[in-house]
Amino acid sequence: MYARGILFGKMKYELGDHSYVRCPETGLMADIEFKTKGYFGGVYNAIGGVIKDTKNNKDLYELSGLWNDEMFIKDLATGNKTLLFNARGARETYPSVRPLEEQEERESQNLWQNVTAAVKNKDHHAATDEKFKIEDMQRQEAARRADEGIDWRPRLFRPVQGGPGGSEEGEEDLDFIINAKM
């Protein structure tokens, strides 16, 4: 996350990073970059990327546009560029989740409900305090597990075969992947 306008202008947060989505079965991989605005040029909320066939190491499509406006996909074989998604015309779709009282202690909405409430109330001090409480609890639990020699494993993810940098195709730089058949 980057903060703009610290010294002058209006304060604005930007997210900038890469996101990778891989399908080991098909060999397709999307490499999407969420771009940050440059100091002297550029735009906010830009994305760019490629969809690649990793089995042949060939770029198939190019992605471009703004994640909060129009995003385009260009077929590199034909040169045709088409609208992939228009965020301006999209309707919000909220996730379907169980009520908080039916959720386990560590499910995100349950765990972070006090932080969320504080953010919605624009109480940044309370949000920060609640966030630190969660992080401190997690640090204490990790220290206790380390002291007791407990080898903790996430329930919903499994380690990549072969460990970090594992041997599963398309997952060479991952430590964990979702523990489900897709």
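The numbers here are math on the coordinates, done by the rules we state, and not lab data. Please read all numbers here as calculations on a predicted model, not as lab measurements. When we count neighbours, we look across all protein chains shown, and the Cβ atoms used for this are built from the backbone with ideal geometry, even at glycine.
Please arrange Thr93, Thr36 by counting, for each residue, the other beta carbons lying within 10 Å of its beta carbon, fewest first. Walk me through the intermediate numbers first.
Values: Thr93 6, Thr36 17.
The fewest-first ordering by Cβ neighbours comes to Thr93, Thr36.
How long, wide and thick is segment 44-111, going by the Cα atoms along their three principal axes, in whole angstroms, largest first?
Result for segment 44-111: principal-axis Cα extents of 53, 33, 21 Å.
What is the set of long-range amide H partners of Ile47 at a cut-off below 5 Å, with H atoms built 1.01 Å from backbone N?
Residues meeting the criterion, in which the H sits 1.01 Å from N, are Lys35, Gly65, Leu66, Trp67.
Of Tyr20, Val50, Asn68, whose Cα points farthest to the positive end of the dipole of segment 1-89 (charges on the beta-carbon: +1 Lys, Arg; -1 Asp, Glu; origin at the Cα centre)?
Most positive-ward Cα: Asn68.
Report, in debye and to the nearest 20, how large the dipole of segment 37-167 comes out about its Cα centre when Lys and Arg carry +1 and Asp and Glu carry -1 on their Cβ.
Values: 20 positive and 21 negative charges, 104 e Å.
The calculation lands at about 500 debye.
What dipole magnitude, in Debye to the nearest 20, does segment 1-89 give about its Cα centre under +1 on Lys/Arg Cβ and -1 on Asp/Glu Cβ? If you can, show how the numbers build up before the last one.
Values: 12 positive and 11 negative charges, 60 e Å.
Taking the Cα centre of segment 1-89 as origin, the dipole is about 280 debye.
Are any of the pairs Lys58/Lys81; Lys37/Lys122; Lys37/Lys133; Lys35/Lys133; Lys35/Lys55 more than 22 Å apart by Cα-Cα distance, and if so, which? Intermediate results must be reported in sequence, preceding the final value.
Values: Lys58/Lys81 18 Å; Lys37/Lys122 26 Å; Lys37/Lys133 33 Å; Lys35/Lys133 32 Å; Lys35/Lys55 27 Å.
Over 22 Å Cα-Cα: Lys37/Lys122; Lys37/Lys133; Lys35/Lys133; Lys35/Lys55.
Where q = 0.19 Å⁻¹, what log10 of I(q)/I(0) comes from the Debye formula for the chain, counting one point per Cα?
Computed log10 I(q)/I(0) values: -1.35.
For segment 64-139, which trypsin sites (Lys or Arg not before Pro) are both in a DSSP coil and crowded by at most 11 other Cβ atoms within 10 Å?
Details: sites: Lys74, Lys81, Arg88, Arg91, Arg106, Lys120, Lys122, Lys131, Lys133, Arg139; in loops: Arg91, Arg106, Lys122.
Those that pass, being in a loop and sparsely packed, are Arg91, Arg106, Lys122.
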